[in-house]
Every structure is written in structure tokens, then in C-alpha cells.
Amino acid sequence: MLLRFQSPLRAEGPPAGHRPSVQAANRLGQRRGAPRYLRQVLCHRVNPPAASASVSQGATVKDGMVKAGAGRGFYTGDDGYLYCDSLRVDDIRAQVKTSPFYLYSKDTIASNFAAYESALTGVESIIGYAVKANNNMFILRQLQAKGCGAVLVSGNELKLALLVGFEPEKIIFNGNGKLPEELAYAVRAGVLINVDSEFDYENIREAAAEVGQVAKVLLRINPDVDPQVHPYVSTGLANSKFGIRNSHLQWFLDRIKTESMVELVGLHSHLGSTITKVDIFRDAANIMCDFVERVRAEGFELKYLNIGGGLGIDYNHRGEVLPTPKDLIDTVRDLVARLGLVLVIEPGRSMVATSCALVNTVTGVKSNGNKNFIVIDGSMSTLIRPSLYDAYQHIQLTAPCTGKVENFDVVGPVCESADFLGKDRDLCTPDKGAGLVVLDAGAYCMTMASSYNLKMPPAEYWVDGDEVKLIRKAQTLDDVLAQFEGL
């Protein structure tokens with residue numbers, strides 16, 4: 001089904017007589033002190049931008065603002081409005097009939113992938129996108145078409161990756177609790193499988209015997225390097241639930257030597273997520289290289305070194321200079337070359353997080369005691385990272401605002417005091433119905449959405465050139481009720 005917008009999504013400037021200051025616009029959202037169904041498309045054509053507006057990277061900038069319609073991803077245009085690529089977010093809101101919704105920049109995802117691809121020039125490698133970060137099939141197809149691989153942590157993610165068309169040779173099946181039936185499916189598909197524990201090895205061995213096909217495995221070793229991140233996203237320490245005990249490595253090597261249905265082809269480590277110091281990757285890679293040499297000395301012909309993912313992004317929007325994919329790869333380039341291994345990396349957050357915003361509508365503003373609240377229709381059911389991790393994600397309004405700047409908690413309608421999207425944010429007091437976005441919502445947001453309080457996971461759209469397309473339908477109450485039919 002193809003739906004066309006009735007009114008153009010053009011950058012027509014702010015309301016008559018309104019002159020928002022650059023300083024006020026920059027202040028908004030800062031923390032104080034700190035497959036048939038796949039064919040369904042919502043589509044709109046706009047007039048092509050002027051030549052200068054076609055520039056994304058290095059677009060025209062004046063007084064700290066990007067020329068309206070000329071940027072890539074999410075930015076405030078020089079007219080004071082928030083844009084996604086060439087389109088004004090408020091114009092998209094006017095045409096999308098449900099709120100909240102997730103909005104993506106397809107071009108930003110392509111740019112993020114290109115950064116990794118360029119960084120890996122001259123290195124034999126596999127870019128294995130971490131599907132758990134965002135499993136939207138449109139995004140997966142976009143990355144698969146560019147030659148990307150996939151990293152999975154469940155049998156359903158594996159089935160999805162194969163359905164999308166990822167090459168089995170570029171698929172890595174991770175996880176500390178892989179089920180026997182999932183492992184049988186993985187062995188049959190011919191994907192690479194990480195060994196995470198003694199019982200995991202035994203399950204892989206039994207799955208290979210059942211299928212009658214050799215399982216190609218990597219040993220996930222904990223290098224015991226502190227990534228200096230939130231403990232919930234730290235995965236490579238000695239006391240982590242993931243990976244094998246370094247002291248028990250020989251147990252695995254001895255077992256694999258005598259097992260004809262299991263082939264050891266590589267080693268793997270994963271330090272965690274939101275990492276902002278690439279020297280941590282270097283420390284871990286040095287440790288892993290020692291393990292590679294030890295395993296090779298035992299007679300194994302290793303092919304892969306998987307250093308995981310976890311590169312962080314600038315959630316705070318304070319202009320911090322964070323490591324790039326090139327910075328990451330350059331820290332391990334010489335080590336991988338010396339060992340003659342295929343480098344596997346597992347970007348997730350750094351691939352998709354910056355491509356997306358959760359677009360909400362303001363329900364109202366209230367005060368209790370000395371606390372001010374902006375109540376929106378999005379919630380912890382829609383985006384749980386702030387409630388779960390106390391994570392900061394940048395928040396701003398979608399249009400110029402003349403209200404008083406106050407300090408607010410931005411909260412949702414879910415019946416929990418933990419239902420917040422942001423705390424202590426200096427924002428212009430918005431009117432009812434105003435647009436408000438939570439930025440950098442492309443990773444671990446929609447994939448962690450729930451139906452708590454029967455607040456349903458929302459629809460997803462992306463901007464593709466001069467079109468806005470529906471790329472995932474919202475769940476409805478009818479979808480929930482259907483689960484009980486016939487019982």
C-alpha cells in the first residue's frame with residue numbers, strides 16, 4: 001500500500017514574526033551541569049533542494065546552525081526547526097497519524113557503515129553488525145546489501161539474518177545460553193558459533209553430531225580488561241557471565257583435539273559497550289594475541305580474531321571528541337597483520353544509534369513541589385534505557401519555542417515513578433501538542449520496547465532521500481488480543 005502526503009514537507013521558515021535566538025536553540029535539551037508486509041510504504045515526494053542544500057557532510061553552517069534541509073541525520077536548521085536529513089521533523093509529525101514513533105535517517109546508517117569500511121581498508125575483515133542493537137528488517141537489508149555480516153544472540157535473530165540474506169560465513173552466533181535446538185539450526189546453516197562455557201561446548205558437540213555436520217567455533221575468552229563503563233554493559237571481566245575462564249582454556253583445547261565434529265577456527269572477546277577509550281581495545285587485543293599464539297602452538301590453525309564491538313557515541317551532545325572506527329582499527333591493525341588473521345568486529349550502537357530519534361508529542365506540563373514535569377506520550381515502555389541504566393539521551397523540542405526556559409523532568413504516562421526519558425533538563429516550556437525528541441535512539445531502544453501498561457511498541461519510519469517510509473508497523477491491542485484467540 002502506498003500513501004502519499006497531501007501537503008509538501010518543505011522548509012518554509014518559522015512562524016511569522018518569530019525570531020528564535022541561536023543561543024536559546026542551542027541551550028534546549030542540555031542537562032543541567034552536564035515479507036509482503038515489508039512492501040507497505042508511507043511515501044512523500046518533495047521538491048528537490050537547491051544545489052547547496054544537497055550537501056550533508058560539510059553542509060553550509062551559519063551562526064552554529066546548519067542550513068535548513070542541507071544536513072545529514074538530526075540537526076537544528078538555521079530556521080530553528082529540527083530536521084532529519086532534508087525534511088523538517090514537524091512536517092513529518094503532521095503526516096504521521098500516530099505518536100510516538102521512531103524516525104531514522106537511512107543516510108546516516110550508510111555513512112556509519114562507510115566509516116567502518118574505510119577504517120578496515122587493507123585489513124581482511126568481517127563487519128558483523130550486532131543485530132540485538134536494532135533488528136528492523138529494512139536496516140538489516142540495507143547493511144546486508146553493503147556486504148555486512150551479522151552477529152546474533154538468539155535462534156530467532158539467526159533465522160531473521162538468514163531470511164534477510166546475510167552470508168552464513170559472515171554470521172557469528174554468540175550467547176551464554178544458546179539452546180540445543182538453536183545450535184542444531186546454527187550448525188546446519190554453517191555459521192560461526194562462539195563457545196561460551198563447558199556446557200555450551202558439549203551442546204555444540206551434540207548438535208554437530210545430531211546434524212552430521214562439523215561445527216566451526218570460536219572460543220570466547222575473557223581478557224579481564226575493565227572497559228570502564230556501566231556494569232550492566234561490561235562483559236569482559238573475569239567475573240562476567242559471558243565467556244570461558246582463562247585458566248580453563250586447556251580443557252577446551254584438549255576436548256576439541258579429540259572431537260572430529262568440532263573445528264576451532266578462532267578466538268573471540270567482547271569487553272562491553274559505550275566504550276570511549278580505544279587503548280582498552282589495544283590492551284585486550286594484546287592479551288588475545290598471546291592466546292592466539294598459545295592455541296596455535298597446540299596445533300590449531302586459527303583464522304579469525306573477533307575483538308567484539310562496543311565503541312561509544314556522544315550521547316551527551318557536548319562536542320566531545322570520541323574515538324572513530326579508524327581510531328579503533330588502527331589500535332589493532334599491526335597485531336592482526338602480524339598474526340595473519342581475519343579481523344572480526346561487532347559494531348551495533350556505533351552503527352545505528354545516531355541515525356534515529358524517538359519522536360513524541362507533549363501531553364502537558366505540570367509542577368509538583370519544586371519539580372517541573374513535561375509529560376509526553378512516549379514512556380519507559382517505548383524507550384527504557386534512561387530508566388534501566390540511568391542513561392542520558394539528549395532531548396530537544398522540534399520547533400522554535402517562546403516559552404520560559406525551566407528545569408524539567410521529561411516523563412511518560414506509565415504508572416511507575418521510574419518512567420522518565422530525561423531528568424533535570426533545561427528546556428523551553430512547551431505548549432500542549434508540541435514535538436519533543438529523544439535523540440540517538442537507534443540502538444537498544446525499539447528492540448527493548450515493551451507493552452507494559454499496554455502501551456504498544458510504536459511504528460518506525462525512515463527518511464530515504466526525499467521520502468518518508470513506514471519501515472515497521474506499530475503493534476496494536478488487536479495484536480495482543482489475537483494471542484488469546486481460540487484458547
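Every read-out reported here was derived from the displayed coordinates using simple, explicitly stated rules and does not represent laboratory data. Keep in mind that this is a model prediction, so the values were computed, not measured. Counting neighbours? That spans all protein chains shown, and the Cβs are built from the backbone with ideal geometry, glycine included.
Starting from one equal scatterer on each C-alpha and no solvent at all, send me the Debye-based log10 I(q)/I(0) for the stretch 363-405 at q = 0.17, 0.18, 0.27, 0.31 Å⁻¹, two decimals.
Log10 of I(q)/I(0), two decimals: -0.67, -0.75, -1.19, -1.17.
What residues have an amide H closer than 5 Å to that of LEU421, excluding those fewer than 5 places away on the same chain, when H is modeled at 1.01 Å from N in the peptide plane?
VAL410, VAL411, GLY412
Pull up all non-local amide H partners of ILE126: gap of 5 or more, or a different chain, and H-to-H distance under 5 Å with H placed in the peptide plane.
Sorted by chain and number, the residues that satisfy this are LEU343, VAL344, ILE345.
If you build the convex hull over the alpha carbons only and average its shadow over all orientations, what do you get for the stretch 152-220? Give it in nm² to one decimal.
Mean projected area of the Cα convex hull: 3.8 nm².
Check which residues have an amide H placed less than 5 Å from ILE171's amide H, if you skip close sequence neighbours.
ALA150, LEU192
Residue-wise, which Karplus ³J(HN,Hα) couplings in Hz belong to the stretch 201-206, taking 6.51 cos²θ - 1.76 cosθ + 1.60, θ = phi - 60°, and x for glycine or proline?
Taking θ as phi minus 60°, the curve returns 4, 4, 5, 5, 4, 5 Hz for the stretch 201-206.
Show me the ranking of peptides 472-485, 432-445, 296-309 by mean Cβ neighbours inside 10 Å, starting with the highest.
Descending packing order for the listed peptides: 432-445, 296-309, 472-485.
Run down the lysines and flag those whose C-alpha is under 16 Å from the C-alpha of LYS404, throwing out any fewer than 8 positions away in its chain.
LYS366, LYS371, LYS432
Normalised by the number of residues in the stretch 267-334, what is the relative contact order in percent for Cα pairs under 8 Å and 6+ residues apart? Don't skip to the end; give the middle numbers.
Values: 65 pairs, mean separation 34.3, N = 68.
Worked out over the stretch 267-334, it gives 50 percent.
From the backbone phi of the stretch 385-398, what are the Karplus-calculated ³J(HN,Hα) couplings (6.51 cos²θ - 1.76 cosθ + 1.60, θ = phi - 60°) in whole Hz, Gly and Pro given as x?
Taking θ as phi minus 60°, the curve returns 3, x, 6, 7, 10, 6, 7, 8, 10, 5, 10, 8, 7, 8 Hz for the stretch 385-398.
Checking the cross-link filter: which lysines have an alpha carbon closer than 25 Å to that of LYS216, excluding same-chain neighbours under 8 positions apart?
LYS132, LYS146, LYS159, LYS170, LYS178, LYS241, LYS257, LYS303
Percent of Cα-Cα pairs per 10 Å bin, from 0 to the last occupied bin, for the stretch 403-466, please list those.
Taking every Cα pair in the stretch 403-466, the percentages come to 15, 42, 33, 9, 0.
Going by average Cβ neighbours within 10 Å, how do the peptides 257-264, 191-198, 121-128, 144-151 rank, with the highest at the top?
In descending order of packing, they fall as 191-198, 144-151, 121-128, 257-264.
Within straight cross-link reach of LYS326, meaning Cα distance under 12 Å, which aspartates and glutamates are found once same-chain residues fewer than 8 apart are removed?
Qualifying aspartates and glutamates at Cα under 12 Å: GLU117.
Please turn the phi angles of the stretch 464-479 into ³J(HN,Hα) values with the Karplus equation 6.51 cos²θ - 1.76 cosθ + 1.60 (θ = phi - 60°), one per residue in order, whole Hz, x for glycine and proline.
Result, ordered by residue: 10, x, 10, 10, 10, 10, 6, 10, 7, 6, 5, 6, 10, 4, 4, 4 Hz.
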